[in-house]
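First the structure, which I've put down as structure tokens, then a few questions once you've had a look.
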Amino acid sequence: MSDSAGHRRLRTTGRWSLAALLLGAGLSHLTWGRRGYRIVVPEWAVRMLRLDKDAIVVASGVVEGLLGAALLVLPRDRQRIGGLVAAFFVAVFPGNVHHWRSGRPVPGMRTDRARFVRLFLQPVLVAWAIWATRSDGRSR
């Protein structure tokens with residue numbers, strides 16, 4: 001296996017893993033975590049979007065699910081989708097900051113440390129989305 005083939009395989013694995021993460025997160029927003037995730041939604045987002053917290057949680061779950069599915073079923077558009085995934089991760093960052101500042105537990109984030117560490121994970125997710133979806137130089 002050549003080095004470029006190895007990089008392509010690694011990026012493909014990264015893309016599929018990212019899709020799985022997005023699909024799982026989206027599912028959690030629509031099911032078991034839905035109620036708890038309302039805590040993450042800042043009041044200014046409710047005012048700005050003119051939606052209640054539950055609608056924002058549901059909408060974000062739907063978007064996560066759609067982005068995850070798109071990574072799997074639209075390989076020709078992977079760079080564009082990767083940009084959308086990165087933008088989504090940037091867009092939800094203020095909610096993560098609000099959640100850290102609130103100190104309130106949600107599913108999977110029960111400690112101040114976990115909430116704080118997640119803030120530093122967000123840039124990693126952005127970079128992951130861009131890296132895993134960039135062109136490998138082959139014709140599509």
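Give the calculated FRET efficiency between Val46 and Thr13 to the nearest 0.05, with a Förster radius of 41 Å applied to their Cβ-Cβ distance.
About 0.60, to the nearest 0.05.
Moving on to the next point. Based on the mean of other Cβ atoms within 10 Å per residue, sort peptides 112-118, 32-38 so the most packed one is first.
On the way: 112-118: 13.6, 32-38: 16.7.
Descending packing order for the listed peptides: 32-38, 112-118.
For the chain, return all DSSP H helices satisfying: extent of Cα atoms along own axis at least 24 Å; mean Kyte-Doolittle hydropathy at least 0.5. Provide the component values of the computation, followed by the final result.
Working: long enough: 3-30 (40 Å, -0.01); 53-73 (30 Å, 1.67); 78-102 (36 Å, 0.30); 112-133 (32 Å, 0.76).
For the chain, where a helix must reach 24 Å along its axis and average at least 0.5, the hits are 53-73, 112-133.
Using 7 Å Cα-to-Cβ label points, what is the Ala5/Val124 separation (nm, one decimal)?
Roughly 3.1 nm, to one decimal.
Right, here's the next one. Find the accessible area per residue for segment 11-123; the probe is 1.4 Å, ligands and nucleic acids are left out, and the unit is Å².
Details: 6500 Å² over 113 residues.
Here the residues of segment 11-123 average 58 Å² of exposed surface.
Within a Cβ distance under 15 Å of Arg101, other residues only, what is the Lys/Arg minus Asp/Glu net charge? Walk me through the numbers before you get to the answer.
Values: positive: Arg104, Arg113, Arg115, Arg118; negative: Glu43, Asp112.
So the surrounding residues net to +2.
Taking the alpha-carbon centroid of each part, what is the distance from segment 8-40 to segment 103-118 in angstrom?
Each part reduced to its Cα centre gives a spacing of 17 Å.
How would you rank 4-12, 49-57, highest first, on the average number of other Cβ atoms within 10 Å across their residues?
Working: 4-12: 12.6, 49-57: 14.9.
With the highest mean Cβ count within 10 Å placed first, the list reads 49-57, 4-12.
The values are calculated or read from the model by the stated rules, or taken from the named source; none is laboratory data. Keep in mind that this is a model prediction, so the values were computed, not measured. Every residue, glycine as well, gets a Cβ built from its backbone with ideal geometry; the counts of neighbours run over all protein chains shown. Quick note on the areas: whole protein, heavy atoms, side chains included, nothing else; ligands and nucleic acids left out. Shrake-Rupley method; radii C 1.70, N 1.55, O 1.52, S 1.80 Å.
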